[in-house]
Amino acid sequence: MTPSKTPAEILDIAGTEVRISSPDKVVFPEPGLTKLDLVRYYLAVADGALRGACGRPMVLKRFPKGIDGEAFFQKRVPDNHPDFIDTTTLHYASGTSAEEAVIRDAAGLAWVVNLGCLDLNPHPVRAEDLEHPDELRVDLDPMPGVDWSQIVDVAYVAREVLDDAGLVGWPKTSGSRGLHILVRIAPEWSYRDVRLAAETLAREVENRAPGLATARWWKEERGESVFVDFNQNAKDRTVASAYSIRPLPDARVSTPLTWDEVRSARPEQFTVLTVPERFAGAGDPHTGIDDAVGRLDGLLALAAELGPAEKAPRAGNGSGRRQSIMPLIEVARTKTKPEALAALGEWKSRHTDVVPSLHPADVLVDGMRGSSSLWYRVRVNLQHVPEAERPPQEELIADYDPWAGKEWPGRPGS
């Protein structure tokens, strides 16, 4: 979000004063939405947004340069946070820890937006019990070339698997291209067990819908399918919660749905401009989610029945790293997505003869988590290019190192 000299506005939210700096700053140029418009949106849907984020430690995903700039992830709550923002300290697998923000009310929502956050990124645990998730998250992530109808088909298969395991799934649009299904669970299992349950669900969905869905973790092996992303249940992961605004030009919103709506709904229907009216008229489709708490026994029993998931082979050079079974080449590593797309364009201009053979899912532009922000890796899968015509691995067009100059316990490569 760009600097502005607009005077701050003080909002009284249920008796709590919240200062909104630069309220007239335009955040979404296409629909003309300002920062104050975003605050008012969250206040209009506060009951629903808090149902997903209240009482949970939250990573602050901030957009200081607006939706066209790169976001950065702030785990640690600002030192000058107001008294109405709670905090709790999370310990990560890397050996680091962070005192994170915990919002409890609508004033907390307004405070988060004032920091330059658009979407809400809470962990799947409550502040009162940080080691036992009470939410299993099913993220249906379509590969390039996959249309909405295929995502919907996979969602209904996932619902069947959940039903068979005695669990209730609550669908919502991701606010981008995919769907999320949220499952409330008793906080009795570790992160490891919850992730195993999610992976088992993903494998079973793939078994029931081969070709449509995949549980393959490595992107180049998925083809044109819907990835059931079980790793969103790892301890350090967060996803955009219900009613989160996403950084797309139309100010799209991650919106809860009823199962009857899933087939007819489209993500682009739900924006900052349309969702408040829907919420006021029909209420929140996820109103009953906290009353539908289930157990993981069924999925964990299925995990034992299926046995361990297949592991990728390791490289033979002693590094211990996983070796892809696909003919991959790496094109670039960049700080920003525009730089990544520019590098991809340059590579294509060098290899115009092979471009017609590539399928949509063969071009892999991945946003990778760095220490506090995303960086981008560009790869090309040459599986559909005749072997004799495949270009070799070349020097990277761009070689950004997100870890340069940074040291901490568990640092990649340390």
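Observations, loosely collected:
- Counting only residues that are within 26 Å of the chain's Cα centre (by Cα), within 30 Å of Arg184 (Cβ to Cβ) and among the aliphatic types (A, V, I, L, M), the stretch 1-52 holds 8 of them.
- Candidates in the stretch 271-299 are the residues that are among the small types (Gly, Ala, Ser) and open to solvent by 60 Å² or more (accessible area, probe 1.4 Å); of these, the one that is nearest to Glu188 (Cα to Cα) is Ala282.
For every residue, the table says whether it meets (1) part of a loop (DSSP other than H, G, I, E, B); (2) surrounded by 20 or more Cβ atoms within 10 Å (Cβ to Cβ); (3) in contact (Cβ under 8 Å) with a residue 12 or more places away in the chain; (4) among the aliphatic types (A, V, I, L, M).
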{"site": "His132", "(1), (2), (3), (4)": "yes, no, yes, no"}
{"site": "Val146", "(1), (2), (3), (4)": "yes, yes, yes, yes"}
{"site": "Asp153", "(1), (2), (3), (4)": "no, no, yes, no"}
{"site": "Asp163", "(1), (2), (3), (4)": "no, no, no, no"}
{"site": "Gly166", "(1), (2), (3), (4)": "yes, no, yes, no"}
{"site": "Pro171", "(1), (2), (3), (4)": "no, yes, yes, no"}
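- Of the listed requirements (1) exposed (fewer than 14 other Cβ atoms within 10 Å of the Cβ); (2) out of contact with any strand residue (DSSP E or B) (no Cβ under 9 Å at 6 or more places or on another chain), Ile10 misses just one: (2).
- Tabulated pairs, the stretch 196-215, first open to solvent by 50 Å² or more (accessible area, probe 1.4 Å), second charged (D, E, K, R), C-beta under 6 angstrom, 6+ apart or interchain: Leu212/Asp153
- Out of Arg62, Arg40, sole residue that is open to solvent by 20 Å² or more (accessible area, probe 1.4 Å), modelled with pLDDT under 95 and not β-branched (Val, Ile, Thr): Arg62
- Qualifying residue in the stretch 370-383 (condition: at pLDDT 90 or above and assigned to a loop (DSSP other than H, G, I, E, B)): no
- For the residues Asp68, Asp83, Asp79, Asp47, the requirement of being among the acidic types (Asp, Glu), closer than 27 Å to Trp170 by Cα and either open to solvent by 40 Å² or more (accessible area, probe 1.4 Å) or assigned to a loop (DSSP other than H, G, I, E, B) (or both) singles out Asp47.
- Search result, residues across the stretch 332-376 that are aromatic (Phe, Trp, Tyr) and under 21 Å from Pro386 (Cα atoms): Trp347
- Of everything listed in (1) at pLDDT below 95; (2) in contact with a helix residue (DSSP H, G or I) (Cβ under 6 Å, 6 or more places away or on another chain), the single unmet condition for Glu204 is (1).
- Matching residues, the stretch 134-144, being in a loop (DSSP other than H, G, I, E, B) and within 14 Å of Val194 (Cα to Cα): Asp134
- Residue tally, condition part of a loop (DSSP other than H, G, I, E, B), surrounded by fewer than 20 Cβ atoms within 10 Å (Cβ to Cβ) and of a type outside the set (Lys, Arg), over the stretch 231-246: 2
- Of all residues making up the stretch 20-44, the number that are among the charged types (D, E, K, R) and not in a loop (DSSP other than H, G, I, E, B): 3
The values are calculated or read from the model by the stated rules, or taken from the named source; none is laboratory data. Note that this is a predicted model, so its numbers are computed, not measured. Glycine gets a Cβ as well: all are built from the backbone with ideal geometry, and neighbour counts include every protein chain shown. Side chains are part of the model used for accessible areas, which takes the heavy atoms of the whole protein and leaves out ligands, DNA and RNA. Shrake-Rupley method; radii C 1.70, N 1.55, O 1.52, S 1.80 Å.
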